[in-house]
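The values are calculated or read from the model by the stated rules, or taken from the named source; none is laboratory data. Note that the structure is a prediction, hence the values are computed from the model and not measured. Cβ placement follows ideal geometry from the backbone for every residue including glycine, while neighbour counts extend to all protein chains displayed. To get the accessible areas, we keep the full protein, side chains included, count just its heavy atoms, and leave off ligands, DNA and RNA. Shrake-Rupley method; radii C 1.70, N 1.55, O 1.52, S 1.80 Å.
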Amino acid sequence: MMRDRLSSRAIAAAIAVAEAHGIHCDLPEVVADGSNVLVHLKPAPVVARVATTTGLVRKPAQWWLALDLDMAGYLAAQNFPVVRPSAEVPPGPHLHDGLALSFWEFVEHDRNYVASTAEVGPFLRELHAVLRTYPGELRYLSPFTEIPQWLDEVGRWNAVNEGDLVMLRRGYVEIAAQIEALALPEQPLHGDAHRKNTLKTSKGLVWTDFEDACSGPIAWDLACFVRTSGEDRETALASYGDAIDPKHLEPFFAARDLQGALWGAILSTRFVDRRERAAEWMAVCRVRYG
């Protein structure tokens, strides 16, 4: 697979920082390359997470990596099933060559396994119960409320045309007002609670990727879970278990769609294969807010 310069820098940064802490890597295996680069530093049981695309719009990127580490560390201390920060090397965040990165325990898992809605729904409810006592600092719905900052950034790149920038700003204001009007209870959230952020291990599912953790109504996490579940809304919500008014989810579905359209445009500046899906998302938003 061809990698751009940013991804190549990320792999080199992961190896360099690991080796500076006594971890030798014979064969780096890139596990993921999209929003961030995840690289297994074989033969060590360590995975580096390097902010790449996220680092283009999240500044300083290490704030989000620190949040990811802190929340995962808290959950691990509660013996909740999560991917843990590395014990082999200081987990970070670290800075190298202008990139922020963190280190994680390598977890053996079935890479072909996609958890079912029936599994993830109750697992998400259990996560929410444990997170209610999380003591760390969280921003309110940060994956959504950072959209104006993302728009400013992509406007400087000319990555989104001016008409779409205006449209997306209009959509953001409308959705934010709808969410505020609901005045729903808030609590700590995963922030990106889709089933691909669970891994199937020999001991069962574990949660990963708390970089988007935030405070807000559980409807934010539920909208992500339901939309990506592959099931109808009633089935997905029933799997979660707690009663929630489906009407309360509507502005959160819209928020997720708006976020997806913009993030798709950002990703497509680096990955050609993301452009078609990004264009579809943007077309949906034009119909709603154009």
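If only one of Pro251, Pro188 is under 24 Å from Thr145 (Cβ atoms) and either part of a loop (DSSP other than H, G, I, E, B) or touching a strand residue (DSSP E or B) at 6+ places or on another chain (Cβ under 7 Å) (or both), which one is it?
After applying the criteria, what remains is Pro188.
List the residue pairs whose Cβ atoms are under 7 Å apart, where the first residue sits in region 188-203 and is in contact (Cβ under 8 Å) with a residue 24 or more places away in the chain and at negative phi, the second is part of a strand (DSSP E or B) and hydroxyl-bearing (Ser, Thr, Tyr), and the two are 6 or more positions apart or on different chains.
What qualifies is Pro188/Ser215; Leu189/Ser215.
Residues to consider are Leu69, Leu75; find the one that is in contact with a Phe, Trp or Tyr (Cβ under 8 Å, 6 or more places away or on another chain), of a type outside the set (Gly, Ala, Ser) and in a helix (DSSP H, G or I). Don't jump to the end; show me each part of the working.
Details: Leu69 fails: in contact with a Phe, Trp or Tyr (Cβ under 8 Å, 6 or more places away or on another chain).
The unique qualifying residue is Leu75.
Filter region 254-280 down to the residues that are basic (Lys, Arg) and part of a helix (DSSP H, G or I) and list them by number.
Hits for region 254-280 are Arg256, Arg274, Arg275, Arg277.
Name the residue, out of Gly171, Gly216, that is modelled with pLDDT of 95 or more, open to solvent by less than 60 Å² (accessible area, probe 1.4 Å) and within 22 Å of Trp63 (Cα to Cα). Even if it seems obvious, please write down each step before you answer.
On the way: Gly171 fails: within 22 Å of Trp63 (Cα to Cα).
Selected residue: Gly216, the only one of Gly171, Gly216 that is modelled with pLDDT of 95 or more, open to solvent by less than 60 Å² (accessible area, probe 1.4 Å) and within 22 Å of Trp63 (Cα to Cα).
It is to be established whether one or more residues within region 224-231 are under 23 Å from Asn112 (Cα atoms) and surrounded by fewer than 15 Cβ atoms within 10 Å (Cβ to Cβ).
Residues of region 224-231 under 23 Å from Asn112 (Cα atoms): 224-231.
Remaining after also requiring surrounded by fewer than 15 Cβ atoms within 10 Å (Cβ to Cβ): 230.
Yes, some residue in region 224-231 is under 23 Å from Asn112 (Cα atoms) and surrounded by fewer than 15 Cβ atoms within 10 Å (Cβ to Cβ).
Among the residues of region 174-204 satisfying the criterion of being aliphatic (A, V, I, L, M) and open to solvent by 70 Å² or more (accessible area, probe 1.4 Å), which is farthest from Met282 (Cα to Cα)?
By that ranking, first place goes to Ala183.
Could you list, in sequence order, the residues of region 117-147 that are at pLDDT 95 or above, of a type outside the set (A, V, I, L, M, F, W, C) and open to solvent by 40 Å² or more (accessible area, probe 1.4 Å)?
Glu119, Arg125, Glu126, Arg132, Thr133, Pro135, Arg139, Tyr140, Thr145
Would you mind stating whether Gly55 is assigned to a loop (DSSP other than H, G, I, E, B), of a type outside the set (Val, Ile, Thr), open to solvent by less than 50 Å² (accessible area, probe 1.4 Å) and closer than 25 Å to Gln149 by Cβ?
Values: assigned to a loop (DSSP other than H, G, I, E, B): no; of a type outside the set (Val, Ile, Thr): yes; open to solvent by less than 50 Å² (accessible area, probe 1.4 Å): yes; closer than 25 Å to Gln149 by Cβ: yes.
No; evaluated as a whole, the condition is false for this residue.
Return the pairs, sorted by first residue and then second, in which the second residue is among the acidic types (Asp, Glu) and assigned to a loop (DSSP other than H, G, I, E, B), the first residue lies in region 15-43 and is surrounded by fewer than 20 Cβ atoms within 10 Å (Cβ to Cβ), the beta carbons are less than 8 Å apart, and the residues are 6+ apart or on different chains.
Cβ pairs passing all conditions: Ala16/Asp97; Lys42/Asp26; Pro43/Asp26.
Looking only at region 92-112, which residues are open to solvent by 70 Å² or more (accessible area, probe 1.4 Å), under 19 Å from the mean Cα position of the chain (by Cα) and either in contact (Cβ under 8 Å) with a residue 60 or more places away in the chain or over 30 Å from Tyr240 (Cα atoms) (or both)?
The answer is Glu105, and nothing else.
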